[in-house]
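Readers should treat all values here as calculations from the given coordinates under stated rules, not as data from a laboratory. Everything quoted here is computed from the prediction, not taken from an experiment. Every residue, glycine as well, gets a Cβ built from its backbone with ideal geometry; the counts of neighbours run over all protein chains shown.
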Amino acid sequence: MDFCIETGDLQRAIKLLSVTAKVNVLDSTGMILITADEDGTVTFLSNNNSTALSFVSNKADVRSPGTVVIEYGRIKSFVTSFRPWNDTYGVKEFHFELTDRFLHISVVNTHENAKVSKGNLKTKVYDISIVKEPPKFNKPNFVLNSNIFRTATDKVLYAIDPSDTRAFLKGMNVVFTEDAICFAGTDGQRLSEYKVKNISDLEEGQFLLRYDFVMGLRRIAESEVQIAFEITNRVARASFGSVVYWGSTIIGKEFPEYKPILDSFETSVVLDKEVLMSTLLPLVDVLDADDNYRLTFSIVNGKMSLSCDVAEFTYDGEIDYSQTFIIDINGQYVIQTVEAIKDDRIMIRFSNENGVLLFDSGNFEDQKALVTPIRRR
């Protein structure tokens, strides 16, 4: 193996691989597979047995093809420490050359004062069978804009607990209908659903994507790119540009049926988000962690109050509700829920103190969320 690769492409590959490759680990999860092909492309692959990622660079000069496996942590800092060439100074390219026992990576760095320094890294090579190549990308089920996907994760992931022992609570549920795509997540105590118009070719389907796959894709997805998804019974793949990303779905466990709960309310009130957050945030540090961050939400005589054992705030504005409603809830959950709704109007829905507290975007009604109550003392 002998090739040169442009600095920008190599640094992008190393940055992307940080999503799947581990540092200071000598098993397969800390290794990367590098393949230089005769067609002039170089492929970088990492597989941590849960998620995998590959990046193909066509900005390389392959003098001799070959394949090698090395430690990701050994080259990460060496590659990312240099400034890419800007026509005056920096590093133009990295030179990779394989000998019998080592991979040599050399670099020429031109400084701002026009002086030059040269560097070389020698790293051990491993058996290429250590890094398993995941299944090839076949035909996508659907295509989503990366901004839609990132927005959905911003609004849903806070409600998921990836450490929960119940598998169906550890992923993001995605449901396609003819008219809409619904993204949802829950940890059993709170739930968030975000709905967008379905402009994809898929008009029916349901997938439960693992949390690590969703988080990894959120990190690597660039702005305003079309992500092609191929989701089968067990495997989830996403592809855009020169990147392919693999993960898995949660099978054998169905996501809870939550739609009837979101529709189970008798009353709706709408508040300015700024008013609600300015009333919530002063209470953050005084909520009792040993008491589930208990927060009492009440509407009495058309006035809203938020209180705990040591503090209380009452909003003097009129609330369009003439009866009495009092409920105890986890205050941290409420803050996270309201923060995730990107609207200046928050709709709060409820029936009685034995039911859940529902939230939605007041202007668009496209993000529904719920928080379960705490038994009142």
Give me Met304, Met172, Met347 sorted ascending by neighbouring Cβ count inside 10 Å, so fewest comes first. Met347, Met304, Met172
Inter-centroid distance (Cα atoms) of the stretch 41-95 relative to the stretch 234-302, Å: 40
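Return the tail of the calculated pair distribution for the stretch 1-93, meaning the percent of Cα-Cα pairs more than 20 Å apart.
Tail of the P(r) past 20 Å holds 35 percent of the pairs.
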Once Rh is set to the Kirkwood radius over Cα pairs, what Stokes-Einstein translational diffusion coefficient, in µm²/s, holds for the stretch 118-246 at a temperature of 25 °C and a viscosity of 0.890 mPa s? 152
Give the distance, in whole Å, between the Cα centre of the stretch 1-34 and the Cα centre of the stretch 117-164. 12
Once you treat every alpha carbon in the chain as an equal point and sum by Debye, what is log10 I(q)/I(0) at q = 0.08, 0.09, 0.12 Å⁻¹? -0.55, -0.66, -0.94
A correct Karplus calculation of ³J(HN,Hα) over the stretch 119-126, with 6.51 cos²θ - 1.76 cosθ + 1.60, θ = phi - 60°, whole Hz and x for Gly and Pro, returns x, 8, 10, 10, 10, 5, 10, 10
Using only helices, what value at 222 nm comes out for the chain when you add -39,500 (n - 2.57) per DSSP H run of length 4 or more and divide by the total residues, to the nearest 500 deg cm²/dmol? -4500 deg cm²/dmol
Provide the packing ranking of 369-376, 136-143, i.e. peptides ordered by the mean count of other C-beta atoms within 10 Å per residue, highest first. 369-376, 136-143
The equivalent-ellipsoid semi-axes of the stretch 197-335, taken as the square roots of five times the Cα gyration tensor eigenvalues and listed largest first in whole Å, are 41, 19, 17
Taking springs between alpha-carbon atoms closer than 10 angstrom, which of Ala167, Ala184, Ala52 fluctuates most in the Gaussian network model of the chain? Ala167
Loop sites only, by DSSP: take the GluC sites (Glu not before Pro) in the chain that have at most 13 other C-beta atoms within 10 Å and name the longest stretch containing none of them. 39-111
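Taking neighbour counts of Cβ atoms within 10 Å as a proxy for exposure, in what order, fewest first, do Lys253, Lys195 appear?
Fewest-to-most Cβ neighbours within 10 Å comes out as Lys253, Lys195.
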Quick one: Karplus J couplings for the stretch 309-325, per residue in order, coefficients 6.51, -1.76, 1.60, θ = phi - 60°, nearest Hz, x for Gly and Pro? 5, 10, 8, 8, 10, 10, 8, 7, x, 6, 9, 6, 7, 8, 8, 10, 9
Given just the C-alpha atoms of the stretch 259-374, how large is their convex hull per residue in cubic angstrom? 97
For each of Tyr89, Tyr245, count neighbouring Cβ atoms within 10 Å of the residue's Cβ, then give the residues from fewest to most. Tyr89, Tyr245
Quick one: what are the phi-derived ³J(HN,Hα) couplings along the stretch 240-245, Karplus 6.51/-1.76/1.60 with θ = phi - 60°, whole Hz, x for glycine and proline? 8, x, 9, 10, 10, 10
State the Kirkwood hydrodynamic radius of the stretch 33-190 in Å, one decimal place, computed from all pairs of distinct Cα atoms. 19.8
Environment charge of Met31, counting only residues whose C-beta is closer than 12 Å and scoring Lys/Arg +1, Asp/Glu -1: +1
Quick one: length gained pulling Leu26 to Asp100 fully straight, 0.36 nm per residue minus the C-alpha distance? 24.6 nm
Sequence gap at least 6, Cα distance under 8 Å: using those rules, report the relative contact order of the chain to the nearest whole percent. 12
For Ser18 and Glu312 in one chain, what is 0.36 nm times their gap in residues minus the Cα-Cα distance, to one decimal in nm? 101.3 nm
